[in-house]
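Remarks on the structure that follows.
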Amino acid sequence: MNPVIETIMNHRSIRKFEEKLLTDEQIRTIVECAQAASTSSFIQAYSIIGVKDPNKKQRLAEIVGNQAYVAENGHFFVFCGDLHRHQVISEIEEKDLSTSLESTEKFMVATIDAALAAQNAVLAAESMGLGACYIGGLRNNLEEVCQILNIPTFVIPLFGIAVGYPAQMPDKKPRLPFEHVYHEEGYQQDKDLYKQELATYNQTISDYYTQRTKGKRTDTWTGQMANMLENPKRMYMKDFVKKQGFNQQ
């Protein structure tokens, strides 16, 4: 197993960091590694906003549910789907690009490009001995996030990443079984087999929580998912995405 694979396989979310800021050199390296990710048709439809201001970080921490590690970290990155620069391109090249920019396809390209760049950034950070945690809670109130970060149209904040020097090292959380995730030649549709695999995984997850919390938690994965999905959240998202100019057609 080579060092890259070891770094990938050793991933875990870090939610407590030392009081030590990243250097500008570290930040630049992480962003340049993000930029090295694949991008659909070279469109590069994303931007990364670094947040150093403690007041802004605190406001973002409140939006995501008062999660301290959003305010207390080495650096906070916000990954955005970004077609704003392509709107500028339409002015430079004097071409009407609105149909493409407003399409569902280009919205998907922007979100995928941002996700690919972000995973490169996290891998780079972890290879440098840093820890990271993705923060989807920014989507609790994107209107306010946009105000804090001065976001224009055709840009949508997708998630944040808190990065820093780990002050904890939690156990790795077990993922779904390989056989449940990987399908050959077509999608596996044997529902009985699916349920068997999920039952086995439920036991693995229950054992993990039992050990990690000394018996305070014993929940299963399917139970977690059912409880979460039973209560839809962020249902404003469709209207917000359209308001920002995306996904109009």
Among (1) within 19 Å of the chain's Cα centre (by Cα); (2) within 19 Å of Ala121 (Cα to Cα) - the single one Leu21 does not satisfy: (1)
Selection within the stretch 43-68 - over 15 Å from Leu138 (Cβ atoms) and assigned to a helix (DSSP H, G or I): Pro54, Asn55, Ala68
Pair list, Cβ under 9 Å, 6 or more apart: the stretch 46-63 residue assigned by TED's automatic domain parsing to the domain that holds Ile161, other residue buried (at least 16 other Cβ atoms within 10 Å of the Cβ) and of a type in the set (Ser, Thr, Tyr): Tyr46/Thr39; Tyr46/Thr111; Ala61/Tyr69
Helices (runs of 4 or more DSSP H) (entirely within the stretch 177-249) containing at least 2 residues that are under 25 Å from the mean Cα position of the chain (by Cα) and more than 30 Å from Asn141 (Cβ to Cβ): 178-181, 191-213
Residue list for the stretch 7-18, filter: part of a helix (DSSP H, G or I) and either more than 16 Å from the chain's Cα centre (by Cα) or crowded, with 16+ Cβ neighbours inside 10 Å (or both): Thr7, Met9
Output for the stretch 54-110, where each listed residue is among the hydroxyl-bearing types (Ser, Thr, Tyr) and surrounded by fewer than 17 Cβ atoms within 10 Å (Cβ to Cβ): Ser90, Ser98, Thr99, Ser100, Ser103, Thr104
Residue satisfying condition, being of a type in the set (A, V, I, L, M, F, W, C) and out of contact with any Pro (no Cβ under 8 Å at 6 or more places or on another chain), within set Leu142, Leu229: Leu229
Near pairs, Cβ below 9 angstrom, 6+ apart or cross-chain, from the stretch 139-162 (crowded, with 22+ Cβ neighbours inside 10 Å) to any residue that is among the hydroxyl-bearing types (Ser, Thr, Tyr) and part of a helix (DSSP H, G or I): Ile156/Thr111; Ala162/Tyr69
Test: residue in the stretch 23-33 that is closer than 30 Å to Leu97 by Cα and exposed (fewer than 15 other Cβ atoms within 10 Å of the Cβ): yes
Residue within the stretch 63-74 that is modelled with pLDDT of 95 or more, of a type in the set (Ser, Thr, Tyr) and touching a Cys at 6+ places or on another chain (Cβ under 9 Å) present: yes
Of residues in the stretch 69-112 being part of a helix (DSSP H, G or I) and within 12 Å of the chain's Cα centre (by Cα), the one nearest to Phe246 (Cα to Cα): Thr111
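The values are calculated or read from the model by the stated rules, or taken from the named source; none is laboratory data. All figures in this text were calculated on a predicted structure; none of them were measured in a lab. Cβ: placed from backbone, ideal geometry, glycine included. Neighbour counts: every protein chain shown.
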